[in-house]
Amino acid sequence: MAEHTPEMPSSIRTFLLRPGDFFEQRRDRLGGVRGGGLALGIAVAVTAVLGVALRLFTAQFTGTVEVDNPARPPDQMCEDGGIGEITVSGCDQPATRTVEIGSLVWDQATEVLPGLFIGLVVVWIGLVVLLYVGAKLAGGSGRFGETAEVTAWGLLPSVAGVAIGGAALVLFAANTDLSASSPEMLLEQVRSLQNGLSGLVFLAIQVGTAAWQAYVWAGGLRVIHEISRYAAVAVAVIAATLPVVLS
């Protein structure tokens, strides 16, 4: 007897292959609140996936660098016997300490990730306005809340794009010499990943993600705004291309 292979859930398959049908099935349930919740969830997912990728990426850095020792007080507090002849604790500590440059870069990255989350939410709001106005100019009749949820669904490919791009970044980094001990040299080594084959791969991932987003948005705009296929595709492509051009 032939072994039965489990099929992909119909809703996922419909979203991937026929996003127009996917939104048609949910047209009565589309709304801004659901869209906002979905957008927040996607922003969390993208931030988390990028954080994991950056952690694995910075682990490839093997160099070290000298930094100020936070355990030692400023020199003026340790000179001439301290302040008012009172010995300041920590003056016997070395002025600098050696740290792995990868951990230093990771510490800086963790400070950026919360801002990235907020930026993704802001981008979603901007895309909602862009898609809504574009559809209205094309004669659309859909509501703003419906457009908000369609826009959020169109951000779902970003999770896959960041995951694939992050995996490619770690793979290319593993085959690149990232042993520099100065930030300037390390920056040049990292920039080298943007050239040649690795640069083409990252560009292909970015373009592929944008194309997938446009495909989802076009299907959604046709359903909720009842505009022509060409108008929906035009608005969706503009919305998907703009972040690529500005990045």
What is the extension gain from residue 207 to residue 116, computed as 0.36 nm multiplied by their sequence separation minus the C-alpha to C-alpha distance, in nm to one decimal?
30.7 nm
How large is log10 I(q)/I(0) at q = 0.20, 0.30 Å⁻¹ when the Debye formula is applied to the Cα atoms of the range 135-195, each weighted equally and without solvent?
-0.82, -1.14
What FRET efficiency would be calculated for the residue pair residue 136, residue 99, taking the C-beta separation as r and a Förster radius of 51 Å, to the nearest 0.05?
0.40
Tell me, what is the 1.4 Å probe accessible area of residue 132, in Å² to the nearest 10?
60
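The values are calculated or read from the model by the stated rules, or taken from the named source; none is laboratory data. Being a predicted model, the structure only gives us computed values, none of them experimental. Every residue, glycine as well, gets a Cβ built from its backbone with ideal geometry; the counts of neighbours run over all protein chains shown. Remember, those area values only see protein heavy atoms, side chains included, never the ligands or the DNA or RNA. Shrake-Rupley method; radii C 1.70, N 1.55, O 1.52, S 1.80 Å.
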